[in-house]
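Only one structure is covered here, and it is reproduced in the block below.
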Amino acid sequence: MDAATVRSWYGTFVDAVSALTGSPDGDGGADAALERSGAAYAKLTDAVAEAMARPGSLPAEAARGEAGRDGLAAAEVVANAAVLMFGGIDTTEGLITNAALHLLSDPALARAVRDDRELLPAVIEESLRTEPPAAVVDRYAVRDADLGGAPVRAGDLVRVSITAANRDPAVFADPDRFDPHRADAGEHLAFAHGPHFCFGATLARLEARAALGAVLDRFPGVRLDPGRPARPVGLVFRKPDRLDVRWDAPSARPRR
Ligand code: HEM
């Protein structure tokens, strides 16, 4: 199964969620969006069933279980595959794009990172802090509580802003400043906290490091396109829609 096909299924799931939550759906209305996502979910189900039949594959292992623990039912493996898409696609795209934007907005920093790749992880952490790709998480209160003076009733939806927490002046000095040299950048909550701490945090950091390293390696003199400025948008998933850049074409080699 190629990545573009899986990505297209995910696109239909996102459209269906947008349609259900009342966000504008420019492509034929809620019913059509739900139909397309249903068809994509059926294809995902077939693909997972095929993978489950291959001993040793991740879906087969998930279904097999282990000592003292039942495996997942086929429908649960499919649901988990869909959750992984929601957890890992927009978020990682956001991290890579936001970190690229931060890096290329500061040419001196970009040059420093090009010369010393060991600086990249700090740029990635500071980007996660100042522009977390998943900007909010939802929680339902299990009991009545008082949250910073706001009464919360059991069962209430509490929408927690990770972005605000990451800019808490009681934790981070001068919190709105992008400073990859701050010692405590890693204290951010971009991957949440507690039992539901992001399952893919290490993978996401690795992907960002590989992607940004490749951009610096393969595009000499890469810089933002001044004619097409970009900024992150979105309430839940935050990232620029696109990031236009320029780079220097390597001079043509003389023919022998
Ligand atoms: C920069 C990239 C990522 C960010 C910012 C991010 C952020 C988060 C956050 C904030 C949560 C907590 C959600 C909540 O408690 O309501 C979470 C959970 C989760 N993430 Fe990520 N994530 C990223 C990448 C990934 C990747 C690459 C994967 C999968 C390979 C992934 C899989 C998951 C899963 C399965 C959970 C649920 C964990 C649980 O409920 O126990 N994430 N992520």
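Structure notes:
- Every residue from the stretch 179-224 that is small (G, A, S) and either outside any helix (DSSP H, G or I) or within 23 Å of R111 (Cβ to Cβ) (or both): A183, A185, A190, A192, G200, A208, A210, A211, G213, A214, G221
- Pair list, Cβ under 9 Å, 6 or more apart: the stretch 88-102 residue within 9 Å of the ligand (Cβ to nearest atom), other residue part of a helix (DSSP H, G or I) and of a type in the set (F, W, Y): I89/Y10; D90/Y10
- Going through (1) farther than 23 Å from E118 by Cα; (2) without any contact (Cβ under 8 Å) to a residue 24 or more places away in the chain; (3) of a type in the set (A, V, I, L, M) one by one, I162 falls short only on (2).
- Counting only residues that are in a loop (DSSP other than H, G, I, E, B) and β-branched (V, I, T), the stretch 225-256 holds 1 of them.
- Inside the stretch 176-213, residues that are aliphatic (A, V, I, L, M) and within 8 Å of the ligand (Cβ to nearest atom) make up a count of 7.
- Residues satisfying the stated conditions in the stretch 214-235, i.e. within 16 Å of the ligand (Cβ to nearest atom) and surrounded by 13 or more Cβ atoms within 10 Å (Cβ to Cβ): P232, G234
- Those residues of the stretch 130-157 which are away from the ligand (no atom under 11 Å from the Cβ) and surrounded by 13 or more Cβ atoms within 10 Å (Cβ to Cβ), in sequence order: T130, A141, A145, V152, D156
- Listed by position, the helices (runs of 4 or more DSSP H) inside the stretch 25-115 whose residues that are over 23 Å from F199 (Cβ atoms) number at least 1 are 29-52, 90-104, 107-115.
- Test: residue in the stretch 111-121 that is within 16 Å of the ligand (Cβ to nearest atom), in contact with a strand residue (DSSP E or B) (Cβ under 9 Å, 6 or more places away or on another chain) and under 24 Å from D90 (Cα atoms): no
- Filtered residues of the stretch 136-175 (kept if in contact with a Pro (Cβ under 9 Å, 6 or more places away or on another chain) and in a loop (DSSP other than H, G, I, E, B)): D144, R167, D168, P169, P175
- Scanning the stretch 77-98 for residues that are surrounded by fewer than 16 Cβ atoms within 10 Å (Cβ to Cβ) and among the hydroxyl-bearing types (S, T, Y) yields nothing.
- Within the stretch 183-196, residues that are in contact (Cβ under 8 Å) with a residue 40 or more places away in the chain and under 18 Å from A164 (Cβ atoms) sit with their Cβ atoms under 6 Å from residues that are of a type in the set (V, I, T) and within 14 Å of the ligand (Cβ to nearest atom), at 6+ positions apart or across chains, in these pairs: L189/I162; A192/V137.
- Qualifying residue in the stretch 94-109 (condition: over 24 Å from the mean Cα position of the chain (by Cα), of a type in the set (G, A, S) and within 30 Å of P226 (Cβ to Cβ)): yes
Read the figures in this text as sums done on the coordinates, not as results from a lab. What you are looking at is a predicted structure, and each value in this text was computed from that prediction instead of being measured. Here Cβ is always computed from backbone atoms with ideal geometry, including for glycine, and neighbour counts include all displayed protein chains.
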